[in-house]
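Values quoted throughout were computed directly from the atomic coordinates according to the rules given, and no laboratory measurement underlies them. If you're wondering where the values come from, they're calculated on a predicted model, not measured in any experiment. Glycine gets a Cβ as well: all are built from the backbone with ideal geometry, and neighbour counts include every protein chain shown.
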Amino acid sequence: MRKLFFLTLLPLYLWADAHLFVFHRFDDNRHPTTNTSTQTLRAEFEYLKKHHYQVISLKQLHQALQNGEEISDKWVVLTIDDSFKSFYNNGLPLFKEYHYPFTLFVYVQATVGNYGDYMSWEQIKETGKYGEIGFHSYAHPHLVSMSDQAIIKDSKKGLDIMQKQLGYKPKYYAYPYGEYNARVRKQLETFDFDLIINQNAGAVDKHSDMHDLDRTALTGANNIKVKLRTKTLPTTWINPKDWPKNGKITTLKATLPKEVKKIEYYISGQGWKVATLKDGNLAAHVNQRLKMHRTRIFLKSGNRQSSLMLVKP
Ligand SMILES: [Zn+2]
């Protein structure tokens, strides 16, 4: 998501957009929805190389955002969640071969508890020679249903262990399951992370919110070409902003740049619909009871897209 102040500043076409991607497992067919084959990974890397994309580190992206620098359309950031062994064994060799930087988001309890599928501290340390290490919580919990104190406790526990094992506390946080809301964010912000990253498909431009960066999953077949076409759609969400108390959305309201006259919107369980906008204001009567524990809302105008995830507490 994005900061709110600039909606009327400039025409949309002036913005360039970087892309953040997330992988989970590599060559692990037991989990098809979170798996990427190394054959596909190689094809994606070849695509990036051939079309002169520059794979940069999160650190580089953070510096550019912090300094208000221009963001290049050719920038790609690659991240891996959960610190599965299959990354260490199958994915990492390819990242090394292409000299592509990356950030590995560690699920601390899985390593502490020697869970079968997960990397050891030695493997994480070895991985840290080639990329950056981020924090993906201690217990990989559903944060939205936890108390403020429990969120703080989970993070503190995980960060203290990482400090002990790695000698530093990671500066980037990725939400477990991509689940969060404003309250969860506020708790995590007490830890002074440089970047907090969600899992809402989208892109990043110079106005993106450093504590709410969109990240697109790359799993299954090679569709990086399509995903690289996505541009940011500056959106101020008005209603809903969070899971509605009665579990129902009556009117979907948001503010978009004035030049957006028509929009396609999607709510999980309802499919795509079209709405017309007046002076950039969206007010669509949807009257929908939310059925899914996680409901995604997408807005789309051409190749511009914004999204919001509502999580049931
Ligand atoms: Zn995860």
Between Ser83 and residues 5 or more places away or on another chain, the pairs with built amide H atoms under 5 Å apart involve Phe105, Tyr107
Using the Cα atoms as the points, what is the convex hull volume per residue of segment 264-313 in Å³? 87 Å³
As I understand it, the dipole of the chain uses +1 on the Cβ of Lys and Arg and -1 on the Cβ of Asp and Glu, about the Cα centre. Which of Val108, Ile71, Ile263 lies farthest toward its positive end? Ile263
Within the set Lys85/Lys225; Lys50/Lys96; Lys49/Lys85, which residue pairs have Cα atoms separated by over 21 Å? Lys85/Lys225; Lys49/Lys85
List the longest stretch of the chain that has no exposed loop site; here a site is one of the chymotrypsin sites (Phe, Trp or Tyr not before Pro) assigned by DSSP to anything other than H, G, I, E or B, with at most 11 other Cβ within 10 Å. 6-167
Aspartates and glutamates whose Cα lies under 18 Å from that of Lys206, excluding same-chain neighbours fewer than 8 positions away: Asp17, Glu69, Glu70, Asp73, Asp194, Asp214
Scan around Lys231 for amide H atoms under 5 Å from its own, H built in the peptide plane at 1.01 Å from N, and keep only partners 5 or more places away or cross-chain. Arg304, Gln305
Tell me which residues come under 5 Å, amide H to amide H, from Thr251 once H is placed; ignore anything under 5 positions away on its chain. Val286, Asn287
With only Lys, Arg, Asp and Glu charged, each at its Cβ (+1 for the first two, -1 for the last two), find how big the charge dipole of segment 236-311 is about the Cα centre; round to the nearest 20 debye. 160 debye
Expected vector for segment 182-189, Karplus 3J(HN,Hα) from phi with 6.51, -1.76, 1.60 and θ = phi - 60°, integer Hz, x for Gly and Pro, equals 4, 5, 4, 4, 4, 5, 5, 5
Which entries of Lys227/Lys291; Lys125/Lys312; Lys253/Lys291; Lys253/Lys312 show an alpha-carbon separation above 31 angstrom in the structure shown? Lys125/Lys312
Within segment 16-101, list the GluC sites (Glu not before Pro) lying in a DSSP loop whose Cβ has at most 13 other Cβ atoms in a 10 Å radius. Glu69, Glu70
In debye, nearest 20: dipole of segment 12-230 around its Cα centre with unit charges on the Cβ of K, R (+) and D, E (-)? 260 debye
Treat each spin label as a single point 7 Å out from the Cα along the C-beta direction, and report the Lys225 to Tyr266 distance in nm. 2.0 nm
CD proxy, 222 nm, the chain: helix-only mean residue ellipticity via -39,500 (n - 2.57) per DSSP H run with n ≥ 4, per residue, nearest 500, stands at -6500 deg cm²/dmol
Interatomic Cα distance distribution for the chain, bins of 10 angstrom, percent: 6, 27, 34, 25, 8, 1
